[in-house]
Amino acid sequence: MRPADVIINADYILTMDPDLTVAQKGAIAVRNGKILAVGDADHISRTFTSSETIDGAGKVAFPGLVNTHTHAAMVHFRGLADDLPLKVWLEEHIWPAEGRWLSPEFVGDAVELACLEMLRSGITVYNDMYFFGDAIARATKKIGMRAVVGVGILDFPSKSANTPDEYFANAENFIKAWAGDELIVPNIAPHAPYTCSPENMMRAKKVAEQYDVPLHVHLSETQWEVGEIQKRYGRTPIALLENIGFLDERVLAAHCVWPTDEEIGILAQRNVGVSHCIESNLKLASGIAPVTKMLKAGVRVTFGTDGAASNNDLNILSEMSTAAKVHKAVSGDPTALSAKQAMLMATRWGAEAIGLGGVTGSLDEGKSADIVLADLDKPHLTPLYDMYSHIVYSMRASDIDTVLVNGRVIIKGRKLMTADEGEIMARSSEWGRKIKEADTRC
C-alpha cells in the first residue's frame, strides 16, 4: 500500500487528459499536492492508504476551471457604469474611477472578493492583468488560489506609474520577487496596441524573454481599435504585432473579436493563445469573435471572464454555456463548439495557453491536485445522459461543493476554508459605499 494524503471519491471523474478518460465510481489519490493516480475507486483503495477521504457520492470531479483573462480587482467596480460602449465606459468612467481609488489596500481587498467568487464557481487559476501586482499576489496566495499575475504596461501615467520606465521597473521587480512561487506566476502585460506603442510592446516582449514569463495583451477587441490602429500604423492590430515580431507561443491575446481570415492563420502559426470573453463582448457590443473559424484553423481558444466591471460576474461555467449556444446560432451549425470542446477550452487548453499545461488543467498523474467536486443531486441535473453536456449546458456555480488547489481544500460545502467570507464581503461593501458616495468621474 502506497501512502496518500487524501483520497477523493466521486461517482464520475472527467480527467480531461489527452484521451478524455472518464472514470465512473472513481477515485483520485493525492500526496504533497500532486495527483498520484486516478482510476477505479476499488483499485485506488487497494493501492493507496490515507487517513483522509473525501466522499464524492452523488458528485462529479473535474479539473479546476481556468480563467485566462480577467482583471480581478475590478470587482469593486461591478455595475458602476453599465450599458455603455467600451471606449466611453473605459475613458469616461473606469479610468477616472481607477485614478481616484486604486491603492494596494483597495486592490488586495478586491482580489480576495474576486478569488472567493471564482473559487465558488469552480475556477482554480486565473490569468490577471492589472496594477499593484504585489497586492494581487499576496491576496491570492492568502486565499490559496493559483494565478498568473500580469503587471500592466501603459504609455501614459496611471495610479501605479508615471512613465514607461516606471511601469517596466515595477514589472521587473515583481517578476523577480515572485519567481518560483508555488501558486503565483508573474508575467508582464502590455495593455493593448492602442495604449502601448510598438516600442513598448517589444520592450515588454524582451522582458518576458529575459525572465521566461508569459505575455498578456488585449488584441483586436473592437472595430474602433482596428480602425484606430490602422490610422496610426497602416495595419490592423494583429498585423501590426506580427510585423514587429511580438507574436509567439508566450502570448495570451484577450478577445480577438475582429481578426481577418489571414490574421487567424497568423495566430495559429505563431501558437498564440486566445481568451474568448463572450459575455463581456456581448455586453459591451464589441462583437462576436469568430471562434469556430479559429478552432478550425488550430488556434488554442480558451475562456476568460474579463473583469466584473464589464461582465458582470466571474463565472466560467456561464461563459461556456453562452459561448456554446451563441456560436451554434451565428454559424447556423448546431454541432459547432460542442460541450466537449467547451470543457477542453475551460480546462486543459486554458492551462496550456497561460503556460501552466504541465501544472494543471487535467487530472493526470504528477499534475497539481486542482480539483472541483460538483453536486449532481439537483433537479436541473436530473436525469443524466452526458456529463459534458450537463456541465456546459445545465450546471450552475451553486452546484460547486468542494474545491482543492494544490491538494489543499479551499472550498468545502460551498464555504471558504482559508478566510472569513463575511469579513471579505463587508470590506468590499464598505469600498462600494465610499465609491457610491463620491463622484466616480473625478
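The values are calculated or read from the model by the stated rules, or taken from the named source; none is laboratory data. Keep in mind the model is a prediction, meaning the values are calculated, not measured. All Cβ positions, even for glycine, are placed from backbone atoms using ideal geometry, and neighbour counts span all protein chains on display.
Miscellaneous remarks
- Condition broken by Thr163, with the remaining ones in (1) farther than 30 Å from Glu423 by Cα; (2) surrounded by 24 or more Cβ atoms within 10 Å (Cβ to Cβ); (3) of a type in the set (S, T, N, Q) satisfied: (2)
- Any hit, segment 215-223, residues being touching a Phe, Trp or Tyr at 6+ places or on another chain (Cβ under 6 Å) and either closer than 21 Å to Thr68 by Cα or not assigned by TED's automatic domain parsing to the domain that holds Ile288 (or both): yes
- Any chance Val217 is among the aliphatic types (A, V, I, L, M), within 19 Å of Ala135 (Cα to Cα), out of contact with any Asp or Glu (no Cβ under 9 Å at 6 or more places or on another chain) and part of a strand (DSSP E or B): no
- Those residues of segment 356-387 which are in contact with a strand residue (DSSP E or B) (Cβ under 7 Å, 6 or more places away or on another chain), in a loop (DSSP other than H, G, I, E, B) and not polar (S, T, N, Q), in sequence order: Leu356, Val359, Gly361, Leu363, Asp364, Glu365, Gly366, Lys367, Ala369, Asp370, Leu376
- Restricting segment 193-204 to residues that are buried (at least 20 other Cβ atoms within 10 Å of the Cβ) and of a type in the set (A, V, I, L, M, F, W, C), the residue that is nearest to Ala97 (Cα to Cα) is Cys196.
- The residue that is surrounded by the most Cβ atoms within 10 Å (Cβ to Cβ), counting only those in segment 323-354 that are farther than 15 Å from Tyr388 by Cα and either touching a strand residue (DSSP E or B) at 6+ places or on another chain (Cβ under 7 Å) or of a type in the set (Lys, Arg) (or both), is Gly350.
- Of everything in segment 282-298 that is modelled with pLDDT of 95 or more and hydrophobic (A, V, I, L, M, F, W, C), the residue that is farthest from Val326 (Cα to Cα) is Ala297.
- Residue match in segment 354-365 (condition: more than 19 Å from the chain's Cα centre (by Cα) and under 23 Å from Gly144 (Cα atoms)): yes
- Filter result (touching a Lys or Arg at 6+ places or on another chain (Cβ under 9 Å) and either over 21 Å from Ala4 (Cβ atoms) or not assigned by TED's automatic domain parsing to the domain that holds Ile13 (or both)) within segment 402-414: Arg414
- Condition met for Thr335 (touching a residue at least 12 places away in the same chain (Cβ under 8 Å) and part of a loop (DSSP other than H, G, I, E, B)): no
- Residue within segment 311-322 that is of a type in the set (Gly, Ala, Ser), surrounded by fewer than 24 Cβ atoms within 10 Å (Cβ to Cβ) and in the same structural domain as Asp212 (by TED's automatic domain parsing) present: yes
- Check on Ser158, of a type outside the set (D, E, K, R) and either more than 28 Å from Asn312 (Cβ to Cβ) or modelled with pLDDT under 95 (or both): yes
- Some residue of segment 152-160 being touching a residue at least 60 places away in the same chain (Cβ under 8 Å), assigned to a loop (DSSP other than H, G, I, E, B) and surrounded by fewer than 22 Cβ atoms within 10 Å (Cβ to Cβ): yes
- For first residues located in segment 283-299 and more than 15 Å from Asp333 (Cα to Cα), partners that are among the small types (Gly, Ala, Ser) and part of a helix (DSSP H, G or I) and lie 6+ apart or on another chain with Cβ distances below 7 Å form the pairs Ala297/Gly265; Ala297/Ala268; Gly298/Ala268; Val299/Ala268.
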